[in-house]
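The values are calculated or read from the model by the stated rules, or taken from the named source; none is laboratory data. Here the structure is a predicted model, which is why all the values come from computation and not from measurement. All Cβ positions, even for glycine, are placed from backbone atoms using ideal geometry, and neighbour counts span all protein chains on display. What goes into the accessible areas is simple: the full protein's heavy atoms, side chains included, and nothing from ligands, DNA or RNA. Shrake-Rupley method; radii C 1.70, N 1.55, O 1.52, S 1.80 Å.
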Amino acid sequence: MLPCMTSEPEQQIGVGTPDAFQRLWTPHRMAYIQGENKPTGPGADDGCPFCSIPAKSDEDGLIVRRGELVYGVLNLYPYNGGHLMVVPYRHVADYTDLTDAETVELAALTKQAMTALRTASGAHGFNIGMNQGSVAGAGIAAHLHQHIVPRWGGDTNFMPVVGHTKVLPQLLADTRKMLADAWPTA
């Protein structure tokens, strides 16, 4: 038994091949899998979380930065620590439906998010993008949002590769405060 283990590995009996792996259970992910916080329809009044988040305090909504037309918010189901999104306040589904002013501010907040993530966490690189439509992988297709996922050299460790699990080193509330404090003023 390894020093970090609290119990001996147990054989897994049932469907599949038994093995000696311990299981890291993440029951909090079941809320996402079962569609918690997902809109019931395409309209702004159909339970869109991106429409309700701005009415919350920054801390409760995990908002890192508020702009005039868009805001930056931590992803409640992050791919990596510091994963945030830039979201227009206006309920709009498609990038081509943004106004010119919304497009400019979305780009500006994306640049600011990269600067804040580099300052706060030393991110080496980023995955930046949006999934347009549910067929393209958008979890909430009715309200456009751009993902900014910080990356570090060597961050493709054994947990996501073998365990299909992400290890986040910090509570979301702490990450929100760290990024808000590191956000550039201009």
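Remarks
Yes or no, residue by residue, for (1) modelled with pLDDT of 95 or more; (2) of a type in the set (Gly, Ala, Ser); (3) within 25 Å of residue 47 (Cα to Cα); (4) within 15 Å of the chain's Cα centre (by Cα):
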residue	(1), (2), (3), (4)
76	no, no, yes, yes
90	yes, no, yes, no
99	yes, no, yes, no
133	no, yes, yes, no
144	yes, no, yes, yes
158	no, no, no, no
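- Verdict on residue 46 being in contact (Cβ under 8 Å) with a residue 40 or more places away in the chain, open to solvent by 20 Å² or more (accessible area, probe 1.4 Å) and either farther than 26 Å from residue 178 by Cβ or among the small types (Gly, Ala, Ser) (or both): yes
- For region 35-86, the set of residues classified as aromatic (Phe, Trp, Tyr) and more than 14 Å from residue 144 (Cβ to Cβ) consists of 77, 79, listed by residue number.
- If you filter region 92-102 down to residues that are assigned to a helix (DSSP H, G or I), open to solvent by 40 Å² or more (accessible area, probe 1.4 Å) and not aromatic (Phe, Trp, Tyr), you find that the one that is nearest to residue 73 (Cα to Cα) is 101.
- Residue list for region 60-91, restricted to those being part of a loop (DSSP other than H, G, I, E, B) and under 16 Å from residue 118 (Cα atoms): 80, 81, 82, 83
- Looking only at region 121-133, and only at residues there that are among the aliphatic types (A, V, I, L, M) and open to solvent by 30 Å² or more (accessible area, probe 1.4 Å), the one that is farthest from residue 175 (Cα to Cα): 130
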